Amino acid sequence: MSLTKRTAWWIFLVGTLSSLILFLALTIDTHRQVAVLTNADRLTDQVVAGKRVWEKYNCNDCHTILGFGGYYAPDMTRSYKRLGAVGIQERVTKPEVVFAKSWRKMPQQNLSKQEIQDLVAFLKWVNDIDTHDWPPQDSAKMPESSIRKLIAMVGMSPGAALFKERGCLACHRIGQVGTDVGPTLEKAGSKYNKENLAQYIINPKKVDPKSKMPEQPDVKPLEAERIAEFLMGLK
């Protein structure tokens, strides 16, 4: 059976119209859900100011956020989940210290305190956008290689889970897991008792005035105790 011009025209017409209708339906559905998926009700003036800070310092030249940007530095879509407010502040304030041992370097941009607070608010808002588990490396459905190694080394416990969830691996290392921004922690339990270690986790300078570790106000006392128990078990 040969394909006539009339049949070809109808195939083209039906296919094009079907694709157009489907595209428009999906576009309308996406716009209908934008307010919910992006938590538009949390789009405060500070979040908007943080977006302007992000643009002012051309952060997209090195970082990717929501699928847009460079690939030299880590994706920042879920950075608040990985690093927390304190971790972000430390990296922006003292990049030459935080990344001293890293092959990737971040320039000192000399942001003001207000700009840093605004930037953190913006990254927290982005972190809470429902991106359907994108990017994949931060997907809740994909076990992270670091936590798999950690479980293999010491076994899962409430303290180990909190150690990972609070972003401690972003600065510290246990064996081959983590980074070298801060000291390794295999022997932390030999240097402090459980009470002092728990207090150190929340307010380091109260235990050691010479400590360079920032305060962790978001860590609750009970969480600090669980993390301390985990670290004490490593000695």
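The values are calculated or read from the model by the stated rules, or taken from the named source; none is laboratory data. All values derive from a computational prediction rather than experimental measurement. Note that we place each Cβ from the backbone using ideal geometry, even for glycine, and neighbour counts take in every protein chain shown.
Going by the structure shown, is Asp128 modelled with pLDDT of 90 or more and surrounded by fewer than 19 Cβ atoms within 10 Å (Cβ to Cβ)? The answer is yes for Asp128.
Looking across the stretch 47-76, the residues that are out of contact with any helix residue (DSSP H, G or I) (no Cβ under 6 Å at 6 or more places or on another chain) and either closer than 12 Å to Lys124 by Cβ or among the hydroxyl-bearing types (Ser, Thr, Tyr) (or both) come down to Tyr57, Thr64, Tyr71, Tyr72, Met76. Scanning the stretch 186-211 for residues that are in contact with a Gly (Cβ under 8 Å, 6 or more places away or on another chain) and modelled with pLDDT under 85, we see that the one that is surrounded by the most Cβ atoms within 10 Å (Cβ to Cβ) is Gly189.
Filtering the stretch 86-120 to residues that are farther than 19 Å from Ser211 by Cα and either touching a Pro at 6+ places or on another chain (Cβ under 9 Å) or small (Gly, Ala, Ser) (or both) leaves Ser102, Arg104, Lys105, Met106, Pro107, Gln108, Gln109, Ser112. Note on the stretch 214-235: residues that are assigned to a loop (DSSP other than H, G, I, E, B) and more than 16 Å from Lys187 (Cβ to Cβ) total 7.
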